1. On the given criteria, is B:Gly139 closer than 24 Å to B:Pro33 by Cα, more than 9 Å from every other protein chain (Cβ to nearest Cβ) and touching a Lys or Arg at 6+ places or on another chain (Cβ under 6 Å)?
2. Is at least one residue of region A:83-106 modelled with pLDDT under 80, assigned to a loop (DSSP other than H, G, I, E, B) and either within 25 Å of B:Ser179 (Cα to Cα) or in contact with a strand residue (DSSP E or B) (Cβ under 9 Å, 6 or more places away or on another chain) (or both)?
3. Among B:Val120, B:Val85, which is the only one that is among the aliphatic types (A, V, I, L, M), at pLDDT 85 or above and within 20 Å of the chain's Cα centre (by Cα)?
4. Out of A:Phe36, A:Phe10, A:Phe74, A:Phe55, report the one residue that is part of a helix (DSSP H, G or I), within 7 Å of chain B (Cβ to nearest Cβ) and more than 11 Å from the chain's Cα centre (by Cα).
5. Restricting attention to region B:286-319, which residues are in a loop (DSSP other than H, G, I, E, B) and in contact with a Gly (Cβ under 8 Å, 6 or more places away or on another chain)?
6. Among the residues of region B:227-273, write down those that are within 21 Å of B:Val144 (Cα to Cα) and not in a helix (DSSP H, G or I).
7. Is it true that some residue in region B:97-105 is farther than 22 Å from B:Asn163 by Cα and in the same structural domain as B:Glu232 (by TED's automatic domain parsing)?
8. Would you check if B:Asn162 is within 30 Å of A:Asn29 (Cα to Cα) and part of a loop (DSSP other than H, G, I, E, B)?
Amino acid sequence: MEDVGSIVAFWMLSVIAVAAALMVVAARNLIHAVLFLILSFIGVAGLYLTLSADFVAVTQILIYAGAISVLILFAILLTPRAARDNAETFLQVPGLVVAALVAVTMGAIVLVTDWNEATRGAFPETAEAIGEALLDKYVLPFEIASVVLLAAMVGAIVLVRED
Amino acid sequence: MIFLAEWWDLRDLGNAVGAFLEWLGDHGPDWLPYTASAVIGSITLLVFLVVSLLMVAWAERRLLGRIQARLGPNRVGPWGLLQSVADAIKMLTKEAITSANVDRWVFWLAPILVAVPALVVFAVLPFNEGMVLADLNVGVLFVVAIGSVTAIPIFMAGWSSNNKFSLLGAMREVAMLISYEIPQVLALLGVVIFTNTMRMSGIVGWQDDHNTWLIFLQPLAVLIYFIAGAVEINRTPTDIAEAESEIVAGYHTEYSGIKFGMFWVGEYFAGFAIAAIIATLYLGGWTLWGLEEWVPGWIIFLAKLYALFWFFIWMRGTLPRLRIDQLMGFAWKFLLPLALINIFFAGLEVLLWQENELAAEAVLPAFAIGNLVLAVGLIVAWARFLGRGRPQWRPTRARLVKELGAVVYGQEA
């Protein structure tokens, strides 16, 4: 993190990601909240890039900004009266409790961690290593995840079938 | 050819830029060459895209005129060449109406963002050896990722317009994009299996090394990618998101003036991006079997790009618009299984090749012939398989509407 470019990029991306995440909570309009969520995802993808995790960054855009957010948009549009108003919810107190717990945990980790700079320099290309790890060492979890997703897909189709 | 490889050599514009950047690096701070190359590259890309847009839009209208046995624009300038310029001036000077109940911020943001994904894709596409803005080692994945976010500006436009036709168009576009993304990715996977890299310049280099194009090794994947690309850029056979006969103008119904123009521009930019991706991945990019030593690589690349775009124009002039259920069914029932089978055979071939350490010269032609036979056989067999058991879809004689049990308005019995 010694060169100017990385530092400028880090701060710009951090501000984008955090400000967009705050707006997700603050926006009254649900669609606006989802659009800010997409912006936040893209900011986080940029942060991954500054960490030389190129594969994770591109996957973040592909899966979170491209797929998950579209899924959320569809869910909002298919929910009656949800698209135009972020209504009051009876889950405010549990939500606050969970948020406080997450904040305390994260804060504790931030304080406890020894923030030394890594000395090994930038990673080489990560895509190949990730591919090999997924299909070699971690092939069983990979296959199990695939089967679980397939089962979810079949389940969804069975649920909505008319006959 | 050494004496030609100087900075003034027009055959490689990269030389001049490279010399300039080297000079900057010697005389300025470290970050200056990076910034300068980013700025120069972005401006060059924009200029190239806008000039291509003006020329291709004119060519498309003339060619469509020819296909439909009429003249096309021929009044503004010689052969109507300045028609696009006139249209651009018209769009810029027209009033940009914002209707009363639109979601103002999103409504304004959507036309600005709509062309961005296509511009970003061009950053990883090599125009010549070393003539690439960012040679990412995950280039193919990057293209796929950017393609997946193109739906968002269109959705923003359709939703913010506060118009049911706009929303219908946006929903159709998003549904179509997420359906066609899957066969598209599977088609690209075949390329990665063969070349063993996701770097765009690496893929072009592989095709150069083996004296072949991946279109010969992956004919089915090219077809699938081409169809999925045509759907992604929303052009006429598959433009159900803006079908005039059904939903006015789809997601840009409420837009006028240059804001509508931006959607039009974004559509063309995305078309160029798809053509450029096919040219790079399947048609050898800037190489043409040794011709690149004499002709600048970027001219070869552009020739391939425009030739591929001609197919989009041809398709637009020839095919009628599809229905939405047909289009979705085509992605899930036809393209997806075929893409999966194609991946399986690509993996099998590469495994055979690598495990037995066969010579590339002997193996690749065999694979090319095998894959062509496989592609034709699969398409015919799968089409027959899908059409089986529904004889009413293949009537032996013309039938009356009454026989089919449909209601004829005005003649209810």
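1. On the way: closer than 24 Å to B:Pro33 by Cα: yes; more than 9 Å from every other protein chain (Cβ to nearest Cβ): yes; touching a Lys or Arg at 6+ places or on another chain (Cβ under 6 Å): yes.
Yes.
2. Taking every residue of region A:83-106 in turn, at least one turns out to be modelled with pLDDT under 80, assigned to a loop (DSSP other than H, G, I, E, B) and either within 25 Å of B:Ser179 (Cα to Cα) or in contact with a strand residue (DSSP E or B) (Cβ under 9 Å, 6 or more places away or on another chain) (or both).
3. Numbers: B:Val85 fails: within 20 Å of the chain's Cα centre (by Cα).
Residue meeting the stated conditions: B:Val120.
4. Numbers: A:Phe36 fails: within 7 Å of chain B (Cβ to nearest Cβ); A:Phe10 fails: within 7 Å of chain B (Cβ to nearest Cβ); A:Phe74 fails: within 7 Å of chain B (Cβ to nearest Cβ).
Matching residue, one of A:Phe36, A:Phe10, A:Phe74, A:Phe55: A:Phe55.
5. Residues of region B:286-319 that are in a loop (DSSP other than H, G, I, E, B), as a first pass: B:286-290, B:294-296, B:319.
Selection gives B:Trp286, B:Thr287.
6. B:Ile233, B:Asn234, B:Arg235, B:Asp239
7. Quick first cut of region B:97-105, residues farther than 22 Å from B:Asn163 by Cα only: none.
No, because not a single residue in region B:97-105 is farther than 22 Å from B:Asn163 by Cα and in the same structural domain as B:Glu232 (by TED's automatic domain parsing).
8. Numbers: within 30 Å of A:Asn29 (Cα to Cα): yes; part of a loop (DSSP other than H, G, I, E, B): yes.
Answer is yes for this residue.
The values are calculated or read from the model by the stated rules, or taken from the named source; none is laboratory data. Bear in mind the structure is a predicted one, so any value in this text is a computation, not a measurement. All Cβ positions, glycine included, derive from the backbone under ideal geometry; neighbour counts span all protein chains shown.
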